[in-house]
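Some notes on the structure that comes next.
The values are calculated or read from the model by the stated rules, or taken from the named source; none is laboratory data. Here the structure is a predicted model, which means the values were calculated and not measured. Cβ coordinates were reconstructed from backbone atoms using ideal geometry, including for glycine residues, and neighbour counts include every protein chain displayed.
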Amino acid sequence: MATADTARTQNRLLLACVVLLFLTVISDLVTLGMAPDGTAYAGIALRLASGEGSFWYPPSFVAGTSFHDHPPLGLYLQSLMFGLLGDHFWVENLYSALMLLCTVGVLHRVCDELGIGDASWYVVLLFLIFPVVAFVYTNNFLEITMNTFALLALWGAVRATRVRFVPACLAASLSGVAVLLAVLTKGPVGLWPLAVMPLYLMICPDRWDLRMWLVAVMPTLVLLLALVVLMWAPASSAAIGRYLDGQLLATFAGLREAEFGRYHVLVKLLTNLSGPVLYSAVLILSVRAGWRWPDRKVWWLLAVALCVSLPLMVSPRQYSHYLAPSLPVYALAMAVYCQGAVSILMAKLAASRPARVVLGISPIVAGSALLVAAVLKFGSVSDDQKEISFVRSVSGELERGSELGTCPGFRNLRVRMYLFRSLNIRLVDDVERPWVLCHVPDPALGQLVVEGEVNLYQHGRSFQD
């Protein structure tokens with residue numbers, strides 16, 4: 001009976017934490033307003049769904065070019081949803097919600113393989129505490145898709161350490177395929193699962209096992225074989241070359257703008273970890289589980305997490321959402337360390353009838369709050385009200401799919417991306433166009449049609465006229 005009560009308590013806690021996770025992001029998932037990157041990705045996916053470009057040459061928000069700032073898989077997968085559901089503001093947000101649900105589902109399976117299935121709810125709880133998580137999953141960053149593939153690769157790698165040789169080879173091969181999908185979504189940052197099995201064999205086993213080392217290199221071999229095929233095909237080879245030249249090499253050559261300093265990612269990592277670490281310390285103290293030296297499994301997972309986050313400091317361009325792939329692994333490491341405390345808490349909750357009743361109704365209450373929040377907020381503008389209002393005000397004047405000129409120095413990235421996402425309008429640096437955008441008033445550009453933070457002029461003329 002106690003075991004059945006404990007199992008029901010675990011399931012209720014997991015459900016409650018999942019609903020709570022979605023409750024933290026729902027207000028942004030049902031409203032308008034998104035970071036420029038996510039807006040651009042949604043616009044590209046929508047254009048792909050409408051037949052523009054191709055898988056390796058997606059359309060860009062820059063007129064006359066294709067998009068090669070990132071690999072195309074994440075954009076293509078989102079385009080499938082646009083193709084299925086049509087052009088609505090909530091399509092990219094629904095895609096983000098589905099990716100979040102997939103991430104949680106794979107995390108749960110990873111917990112089972114690590115032997116902490118009873119603590120999977122605690123992993124989800126820690127995951128939602130990370131501030132970056134809500135930011136990433138409500139702004140349509142490519143990390144939301146890459147996380148699912150990378151965690152699937154982690155699942156395959158962890159499973160390969162637990163089963164016999166032949167099933168281990170299959171699991172490791174699956175891990176390699178998942179790494180390939182992660183790389184085709186976000187680039188080299190998706191390579192980190194390749195370190196999972198070698199680190200395990202260096203930290204965890206008590207003896208040398210040649211067969212396990214053979215299994216450990218299989219994900220890398222699968223990935224290399226797939227990359228050889230891609231580099232052999234002309235279309236994919238050329239697209240990958242453009243990505244390497246225009247993004248990676250240009251970044252390290254200092255040709256792409258860097259907004260933050262070298263240690264921005266480190267500061268953000270410590271900030272994000274502080275909450276879950278404090279929460280775990282409170283849990284251990286509250287149930288009097290006692291402190292212990294981390295076992296080898298904890299050190300292994302910490303080593304994997306550091307393999308994900310620390311190499312980011314090499315890049316001159318650093319942003320907080322780059323941390324998203326490492327945070328689930330840190331949550332897993334903390335959950336493994338706190339497993340004893342979690343078990344004590346579970347036993348106390350399962351033995352308390354009032355606690356079981358509260359846990360039974362909490363998912364219903366949280367789910368009701370989730371539904372109410374979604375209905376009340378649906379379609380409202382949460383961020384970028386001025387930019388979205390401007391795009392709405394000019395939508396009746398401008399032809400969809402057209403090109404607008406801009407005056408020199410126009411740098412309003414949010415307006416640029418909203419015009420591309422909503423109206424398929426691209427901006428070009430040319431004041432001779434019939435319609436011109438400018439951030440400062442200038443009668444020489446023609447008739448002022450819309451005035452505000454950004455000004456829209458008709459019948460543009462040169463500044464010299």
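Details
- Restricting VAL179, VAL166 to residues that are part of a helix (DSSP H, G or I), more than 26 Å from LEU269 (Cβ to Cβ), among the β-branched types (Val, Ile, Thr) and assigned by TED's automatic domain parsing to the domain that holds LYS268 narrows the list to VAL166.
- When VAL436, VAL415, VAL449, VAL440 are checked against the criterion of being out of contact with any strand residue (DSSP E or B) (no Cβ under 6 Å at 6 or more places or on another chain) and either part of a loop (DSSP other than H, G, I, E, B) or over 20 Å from GLY43 (Cα atoms) (or both), VAL440 stands alone in meeting it.
- Between LEU248, LEU266, LEU278, the distinction of being under 17 Å from LEU327 (Cβ atoms), touching a residue at least 12 places away in the same chain (Cβ under 8 Å) and assigned to a helix (DSSP H, G or I) belongs to LEU266 only.
- Subset tally (residues that are modelled with pLDDT under 85, surrounded by 15 or more Cβ atoms within 10 Å (Cβ to Cβ) and under 21 Å from ARG414 (Cα atoms)) for the stretch 431-448: 2
- Scanning the stretch 296-349 for residues that are among the basic types (Lys, Arg) and crowded, with 19+ Cβ neighbours inside 10 Å returns a single hit, LYS297.
- Any hit, the stretch 326-337, residues being of a type outside the set (Gly, Ala, Ser) and farther than 18 Å from TYR122 by Cβ: no
- Among the residues of the stretch 281-294, the one identified as surrounded by 13 or more Cβ atoms within 10 Å (Cβ to Cβ) and without any contact (Cβ under 8 Å) to a residue 40 or more places away in the chain is ALA281.
- One residue stands out among those in the stretch 73-99 that are of a type in the set (Gly, Ala, Ser) and in contact (Cβ under 8 Å) with a residue 24 or more places away in the chain: the one that is surrounded by the fewest Cβ atoms within 10 Å (Cβ to Cβ), which is GLY83.
- The listed residue being in contact with a Ser or Thr (Cβ under 6 Å, 6 or more places away or on another chain), surrounded by 20 or more Cβ atoms within 10 Å (Cβ to Cβ) and in the same structural domain as SER352 (by TED's automatic domain parsing), out of SER66, SER60: SER60
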